[in-house]
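Participant: Right, I'll just put the structure down here and ask away after.
The values are calculated or read from the model by the stated rules, or taken from the named source; none is laboratory data. Remember, predicted model here, so these are calculated numbers, not experimental data. Backbone-built Cβ (ideal geometry, glycine too); neighbour counts: all protein chains shown. Surface accessibility is based on the protein's heavy atoms, side chains included, excluding ligands, DNA and RNA. Shrake-Rupley method; radii C 1.70, N 1.55, O 1.52, S 1.80 Å.
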Amino acid sequence: MNTAEVMMSRGLRLLNRFSGLSAIDRLGLRKPLENLIFQGTRNSFRTAGAVARTFAATQKLLQPARLPKARGADLFDLSPTEEQQMLREAVLGFALEQLRPAAQAADAALAAPDELLKQSAELGIAIMGIPEALGGAGNERSAMTNVLVAEAMAQGDLGLAVACLAPAAVSTALVLWGDESQQAKYLPAFVGENLPAAALALQEPQPLFDPFALKTRARKQADGGYVIDGIKSLVPHAATAELFIIAAELEGIGPALFIVESSSARLSIEAEPAMGLRAAATGRVVLENVVLPAESLLSSANAEVYAECVQLSRLGWCALAVGTAQAALDYLIPYVNERIAFGEPISHRQSVAFNVANIAIELEGMRLLTYRAASRAERGSDFAQDTALARKLCTDKGMSIGSDAVQLLGGHGFIKEHPAERWYRDLRAVGLMEGVLLV
Amino acid sequence: MKALVSVKRVVDYNVRIQVKPDGSGVVTDGVKMSMNPFDEIAMEEAVRLKEKGKITEIIAVTIGGAKCEETLRTALAFGADRAVHVKEEGDIQPLTAASALAAVFKKEDAQLFLLGKQAIDDDANQTGQMVAALLDLGQATFASKVDIDGSKITVTREVDAGLETLELDLPAIVTTDLRLNEPRYLKLPDIMKAKKKPLEAISFEALGVKPAAGLKTLKTTAPAKRSKGVMVKTVDELVTALKGKGLL
C-alpha cells in the first residue's frame with residue numbers, strides 16, 4: 001500500500017466514523033464537516049491518481065517509431081493534369097484579354113459581339129468535346145476539363161462566358177445522348193467554321209421552378225411525332241439561336257429532352273432582359289403546339305439521362321460562379337492595397353482585410369466542392385449529392401462575394417466604371433438557373 | 001524547307017520577380033513559368049510562314065530540365081511539327097546554349113533558325129548572334145517583317161534611324177522583335193493534339209557540346225527602391241530644386 005492509498009483509506013474511515021456520531025447533528029455541524037472531509041478525501045483521490053503512475057521503459061527501442069505516411073491518395077487528388085492546366089491557361093488568356101474588356105459594352109447592349117463569338121468558336125471549346133469520328137478533336141470525355149474551361153471563361157465575364165459556352169452545351173448533349181442519325185444531322189455544323197448559335201433550355205417562368213416538374217408539355221402523336229407546348233425562359237441568345245435542346249414533360253413518361261430547330265412553325269421568341277447575364281442575350285422561347293418529328297426526342301426520354309443533364313448543367317453554373325468569384329477576388333486584392341483612406345491603404349483596416357480573407361476561403365470551398373462533384377462525374381460515380389452541395393455553396397457564397405466586392409470597393413463598387421456591380425448582378429443567376437435552390 | 005525555332009522557359013511576364021534572400025538568383029519555386037514572349041513571336045512567324053507554304057516543317061527546340069517539356073508542348077500546340085529537348089539540369093552558360101542550338105540546327109539540316117531577340121529573364125540578347133557566328137551564317141536581328149523568296153529571305157529590322165531591310169541567303173538566323181506579329185491564342189483542340197506529336201530528348205554529349213565555364217554570376221540584387229517624390233508648388237521652386245541637385 002503506497003502513501004496515496006493510505007491517505008485515501010484514512011479519509012474514508014474518518015467519513016464513516018463521523019457519520020455515525022449523533023452529536024454533530026445536534027450541533028448542526030454535519031454539513032460543514034461533511035464538506036470538509038469530502039474535500040480532503042477527494043484531494044487524496046487526485047493525488048492517488050498522479051502518484052500511482054511511475055514512468056519506466058518497458059521495452060528497448062532501437063529507433064523512434066512513427067506512423068508511415070498515408071499512401072498517395074489517388075482518389076482525392078483534384079489537381080488538374082498538365083494538359084488540363086494548359087487548356088485552362090489558354091482559355092484564361094482569352095477570357096482576360098478578350099472577354100473582360102468587352103464585358104461592360106456587351107452588358108449594356110444586351111448582346112455579345114459577333115466578332116467575339118467567332119473568336120471563341122475558333123478557340124475550339126465545342127470541337128474539343130466532339131469525337132474525332134465526327135470531325136471534332138475530343139478523345140475523352142472529361143467533366144473536370146469542362147469545369148476548368150467554364151471557370152476560366154467566367155474569370156473574363158460571366159455573361160459573355162454563357163454566350164460563348166451555350167453552343168458547346170448543345171453539342172455536348174448531342175455527343176452524350178444523341179443517336180447516330182441525330183449526331184450525323186446536327187454535329188457537323190458544330191465542327192465547321194461557322195458555329196451555330198444554340199442553347200439548352202431547361203428553365204421555365206414558374207414560381208419555385210423545379211426542372212423535374214416541367215410545365216412545358218409534349219404529347220406523342222399517332223404518326224410517332226410530338227407536339228410540344230410551353231414557355232422556356234432565360235435561354236441564352238434566344239433570338240439568334242438556330243438550335244435548341246428543350247426540356248419538356250412527355251405525357252405518360254416523364255421529363256425528356258427534345259431537339260428543336262428555331263425555324264419550327266409556331267415557335268416564337270420574346271426578349272427577356274434580366275438583372276444579370278445580360279451579355280448572354282437571354283430570352284423566352286414560346287412554343288405553341290410546335291410539331292416535332294419523331295427523331296427529335298433525345299435518348300428515348302430516359303429519366304437518368306435527363307437527371308444527368310440537369311446535374312451537369314448545374315455543375316456548369318457552379319464552375320461559372322467559381323470563375324466569377326475568382327475574378328472578383330483578383331480585382332479586390334490590388335484595389336484594397338492601393339486605395340488610400342485615412343492616410344493608409346484600406347487593407348490596413350481589419351474589417352477590410354478579414355473580409356477579403358473570408359472571400360478567399362469561401363471561394364476555395366466553392367471550388368473544392370465543384371471539383372469534387374466534377375471528378376465524381378468523370379469517374380462515373382453518382383454525383384447528385386456533391387452537385388447539390390456545390391450548388392448550395394456556390395449560390396450562397398457567390399452572392400455574398402458579389403455583394404462584398406461591391407461593398408469593399410465603396411462608392412466605386414456602385415458605379416459601372418468598375419466591374420463589381422456586374423459580378424454582383426450576374427452571380428445572382430447561379431441559384432436561379434436550372435431550378436430554384438429552395439426546391 | 002525546315003525551320004528551327006528555339007523556345008525558352010522563363011518566369012511569366014506578369015509575375016513580380018523576387019530575388020532570393022541569399023542573392024544567388026531569383027525565386028522560381030511555385031512561380032508561374034511560361035514561354036518567353038519573344039519566342040512566341042518567333043513561333044507565330046514560323047507558323048505563318050508554314051501557312052503561306054514557304055516552309056514545310058517546324059521543329060521547336062529548348063534546353064533545360066524536365067519541366068521545359070511543358071514549354072515544348074506549348075510550342076507543339078502552337079503548330080510545331082515536332083520538338084527536340086536538349087535535356088540538361090542545372091545552370092547553362094550562354095555560349096553552351098548557343099553551341100547546343102547550333103549543333104541541333106546542323107543535325108536537323110534546317111534552312112531557317114528563328115529565335116526571340118532576347119529572353120525576358122536575363123535579357124542577354126546574344127543567343128541568335130552567337131549561333132550565327134558559330135555556324136558562320138548570315139544573321140538578321142530584331143526582325144519586324146520577314147519574307148522568304150526561293151533561297152533568299154528578306155528581313156526588315158527596326159534600327160534607331162528607322163527601318164533597315166536586309167536580304168540574306170538561306171540558311172540564315174533571324175531573331176524576332178516585338179512588332180513582327182501578334183501571337184494567336186492556342187486552340188484547345190491543338191493543345192490536345194500536341195501530346196501526340198513527337199518529342200525527342202537529346203543530351204549535350206550526343207550533340208558533341210562541351211559545357212563552357214566562362215561566365216560566373218556573382219550576385220543578384222533587387223533594384224534599389226525608389227524614394228518618394230517631392231511636390232513643388234511653383235516653377236521657380238522646381239528650377240531651384242533641380243539646380244540644387246546639379247541637374248540644371
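Participant: Short version: ³J(HN,Hα) in whole Hz for each residue of the range A:250-266, in order, from phi by Karplus 6.51 cos²θ - 1.76 cosθ + 1.60 (θ = phi - 60°), x for Gly and Pro, what are they?
Facilitator: Whole-Hz 3J(HN,Hα) from phi for the range A:250-266: 7, 4, x, 10, x, x, 8, 10, 10, 8, 10, 7, 5, 7, 4, 5, 6.
Participant: On to the next question. Provide A:Ser233, A:Ser264 ordered by accessible surface of protein heavy atoms (probe 1.4 Å), highest first.
Facilitator: Details: A:Ser233 5, A:Ser264 25 Å².
Highest to lowest solvent-accessible surface, that is A:Ser264, A:Ser233.
Participant: Roughly speaking, what is the centre-to-centre gap between the range B:191-248 and the range A:266-288 when only Cα atoms are used, to the nearest Å?
Facilitator: Taking the Cα centre of the range A:266-288 as reference, the centre of the range B:191-248 is 53 Å away.
Participant: Give the percent of DSSP beta bridges with both residues in the protein assembly as shown that are antiparallel, rounded to the nearest 5. Intermediate values should be presented prior to the final figure.
Facilitator: Working: 45 of 79 bridges.
Counting only bridges with both partners in the protein assembly as shown, antiparallel ones make up about 55 percent.
Participant: OK, next. What is the average number of partner chain Cβ atoms found within 10 Å of a Cβ in B:189-197? Let's see the in-between values first.
Facilitator: Working: counts 14, 4, 12, 11, 3, 2, 4, 1, 0.
Per residue, the number of nearby Cβ atoms from other chains is 6 on average.
Participant: Pull up all non-local amide H partners of B:Val84: gap of 5 or more, or a different chain, and H-to-H distance under 5 Å with H placed in the peptide plane.
Facilitator: B:Ala60, B:Val61, B:Thr62, B:Glu200
Participant: Next question. Between helix A:384-408 and chain A, what is the angle of the helix's C-alpha long axis to the longest principal axis, kept within 0 to 90° and rounded to the nearest 10?
Facilitator: 90
Participant: Sticking with this structure for a sec: What is the gain in length, in nm to one decimal, between A:Ser79 and A:Arg53 on full extension, counting 0.36 nm per residue of separation less the C-alpha to C-alpha distance? Don't jump to the answer; show the numbers that get you there.
Facilitator: Numbers: separation 26, 0.36 × 26 = 9.36 nm, distance 4.92 nm.
Extra length available between A:Ser79 and A:Arg53 comes to 4.4 nm.
Participant: Please compare each pair in A:Lys118/B:Lys117; B:Lys50/B:Lys117; B:Lys107/B:Lys152 to a cut-off of 28 Å on the Cα-Cα distance and tell me which ones are over it. Don't jump to the answer; show the numbers that get you there.
Facilitator: Values: A:Lys118/B:Lys117 33 Å; B:Lys50/B:Lys117 21 Å; B:Lys107/B:Lys152 21 Å.
Violating the 28 Å Cα-Cα cut-off are A:Lys118/B:Lys117.
Participant: With +1 assigned to the C-beta of every Lys and Arg and -1 to the C-beta of every Asp and Glu, and no other charges, what is the dipole magnitude of the range B:53-95 about the Cα centre in debye, to the nearest 20? If you can, show how the numbers build up before the last one.
Facilitator: Numbers: 5 positive and 7 negative charges, 38 e Å.
Its charge dipole is roughly 180 debye.
Participant: Could I ask something else about it? Put +1 on the Cβ of every Lys and Arg and -1 on every Asp and Glu Cβ in chain B; which of B:Ala206, B:Thr176, B:Pro189 then has its Cα farthest towards the positive end of the dipole?
Facilitator: B:Pro189
Participant: Report the residue, chosen from A:Gly178, A:Gly129, A:Gly411, that carries the largest GNM mean-square fluctuation when chain A is represented by alpha-carbon nodes joined by springs under 10 Å.
Facilitator: In the Gaussian network model the winner is A:Gly411.
Participant: Let me ask something else about it. Quick one: what do you get for the range A:199-301 if you divide its Cα Rg by 2.2 N^0.38 Å? Write down the numbers at each step before the final one.
Facilitator: Working: Rg = 13.0 Å, N = 103, 2.2 N^0.38 = 12.8 Å.
Compared with the compact-globule rule of thumb, the range A:199-301 sits at 1.01.
Participant: Sort the protein assembly as shown into rounded, prolate or oblate with this rule: let a ≥ b ≥ c be the square roots of the eigenvalues of the Cα gyration tensor; rounded if a/c is under 1.5, and if a/c is not under 1.5, prolate when a/b is larger than b/c, oblate otherwise. It would help to have the intermediate numbers written out before the result.
Facilitator: Details: a/c = 1.90, a/b = 1.23, b/c = 1.54.
It is oblate, given that a/c is not under 1.5 and a/b is not larger than b/c.
Participant: Loop only per DSSP, at most 16 neighbouring Cβ atoms within 10 Å: give me the trypsin sites (Lys or Arg not before Pro) in the range A:373-419, ordered by residue number.
Facilitator: Working: sites: A:Arg376, A:Arg379, A:Arg391, A:Lys392, A:Lys397, A:Lys416; in loops: A:Lys416.
Counting only loop positions with at most 16 other Cβ atoms within 10 Å, the trypsin sites (Lys or Arg not before Pro) in the range A:373-419 are A:Lys416.
Participant: Additional query: Search the structure for amide H atoms under 5 Å from the amide H of A:Gly135, placed 1.01 Å from N in the peptide plane, and list their residues when 5 or more places away or on another chain.
Facilitator: Those qualifying (amide H under 5 Å, at least 5 residues apart or on another chain) number zero.
Participant: Which of the cysteines found in the protein assembly as shown have nothing to pair with, since no other Cys Cβ lies under 4.7 Å from theirs?
Facilitator: For the protein assembly as shown, the answer is A:Cys164, A:Cys309, B:Cys68, because their Cβ atoms have no other cysteine Cβ under 4.7 Å.
Participant: So for the pair A:Glu288, A:Gln104, with labels modelled 7 Å out along Cα→Cβ, what separation do we get in nm?
Facilitator: Once both label points are built, they end up 4.2 nm from each other.
Participant: So who's got an amide H within less than 5 Å of the one on A:Ala238, skipping anything under 5 residues away but keeping other chains? H placed 1.01 Å off N, in plane.
Facilitator: Here the answer is A:Gly283, since their amide H atoms fall under 5 Å of that of A:Ala238.
Participant: Let me ask another. If you place +1 on the Cβ of every Lys and Arg, -1 on the Cβ of every Asp and Glu, and leave all else neutral, what size is the dipole of chain A about its Cα centre, to the nearest 20 Debye? Walk me through the numbers on the way to the answer.
Facilitator: On the way: 40 positive and 48 negative charges, 744 e Å.
Here the size comes out at about 3580 debye.
Participant: Rounded, prolate or oblate: which one fits the range A:139-220, using the alpha carbon gyration tensor with axes a ≥ b ≥ c (rounded when a/c is under 1.5, else prolate when a/b beats b/c, else oblate)? Mind dumping the intermediate values first?
Facilitator: Numbers: a/c = 1.81, a/b = 1.13, b/c = 1.61.
Here the range A:139-220 falls in the oblate category.
Participant: For peptide A:84-96, how many partner chain Cβ atoms fall within 10 Å of a residue's Cβ, on average? Display every interim value, and only then the final one.
Facilitator: Details: counts 1, 2, 10, 6, 1, 6, 8, 4, 0, 3, 3, 0, 0.
Mean number of neighbouring Cβ atoms from other chains: 3.
Participant: Among A:Trp423, A:Trp177, what's the order by accessible area (1.4 angstrom probe), most exposed first? Mind showing how you got there, number by number?
Facilitator: Values: A:Trp423 0, A:Trp177 30 Å².
Of A:Trp423, A:Trp177, the descending order of accessible area is A:Trp177, A:Trp423.
Participant: Hey, in the GNM for chain A with a 10 angstrom Cα cutoff, which one of A:Pro196, A:Pro419, A:Pro68 fluctuates hardest?
Facilitator: Largest GNM mean-square fluctuation: A:Pro68.
Participant: Over all pairs of distinct alpha carbons, what does the Kirkwood formula give as the hydrodynamic radius of the range B:1-135, in Å?
Facilitator: Working: mean 1/r = 0.0657 Å⁻¹.
The Cα-based Kirkwood calculation yields 15.2 Å.
Participant: Where is the GNM fluctuation largest for chain B (alpha-carbon springs, 10 angstrom cutoff): B:Gln111, B:Gln126, B:Gln18?
Facilitator: With Cα springs under 10 Å in chain B, the top fluctuation among B:Gln111, B:Gln126, B:Gln18 is at B:Gln18.
Participant: Any idea which of B:Ser144, A:Ala52, B:Pro37 is furthest toward the positive side of the dipole for the protein assembly as shown, if Lys and Arg beta-carbons carry +1 and Asp and Glu beta-carbons -1?
Facilitator: A:Ala52
Participant: While we're on this one: Could you give each residue of the range A:358-365 its phi-based ³J(HN,Hα) in whole Hz, using Karplus coefficients 6.51, -1.76, 1.60 with θ = phi - 60°, and x for Gly or Pro?
Facilitator: Per residue, the Karplus-derived 3J(HN,Hα) values read 5, 4, 4, 5, 5, 4, 5, x Hz.
Participant: Which of rounded, prolate, oblate describes the range A:303-427, given a ≥ b ≥ c as roots of the alpha-carbon gyration tensor eigenvalues and a/c under 1.5 marking rounded, otherwise prolate only if a/b is larger than b/c?
Facilitator: Working: a/c = 3.73, a/b = 2.44, b/c = 1.53.
In terms of gyration-tensor shape, prolate.
Participant: Right, next: Relative to the present Cα-Cα distance, how much length would full extension add between A:Ala239 and A:Gln63 at 0.36 nm per residue of separation? Mind showing how you got there, number by number?
Facilitator: Numbers: separation 176, 0.36 × 176 = 63.36 nm, distance 7.46 nm.
Going from the current span to full extension adds 55.9 nm.
Participant: Taking a 1.4 Å probe, which of B:Asp122, B:Asp81 shows the most accessible area, and what order do the others take after it?
Facilitator: B:Asp122, B:Asp81
Participant: For B:Leu114, what is the net charge nearby, where nearby means another residue's Cβ is under 10 Å from its Cβ and Lys, Arg count +1, Asp, Glu -1?
Facilitator: Working: positive: none; negative: B:Asp39, B:Glu44, B:Glu45.
Net of charged neighbours comes to -3.
Participant: Okay, moving on. Roughly what % of Cα-Cα distances in the range B:2-244 sit above 33 Å, to the whole percent? List each step's numbers first, then the result.
Facilitator: On the way: 7475 of 29403 pairs.
That fraction is 25 percent.
Participant: Hey, if you put +1 on the Cβ of every Lys and Arg and -1 on every Asp and Glu Cβ in the range A:82-195, which of A:Ala109, A:Ala121, A:Ser142 ends up farthest toward the positive end of that dipole?
Facilitator: My answer, from the dipole projection, is A:Ala109.
Participant: Translational diffusion coefficient, Stokes-Einstein: compute it for the range A:51-197 using the Kirkwood radius over C-alpha pairs as Rh, at 25 °C and 0.890 mPa s, and state it as an integer in µm² s⁻¹. Each step should come with its number before you reach the end.
Facilitator: Numbers: Rh = 18.4 Å.
Estimated diffusion coefficient is 134 µm²/s.
Participant: Could you name the aspartates and glutamates whose alpha carbon sits less than 18 Å from that of B:Lys196, not counting residues in the same chain fewer than 8 places away?
Facilitator: A:Glu82, A:Glu83, A:Glu132, A:Glu140, B:Glu57, B:Glu69, B:Glu70, B:Asp81
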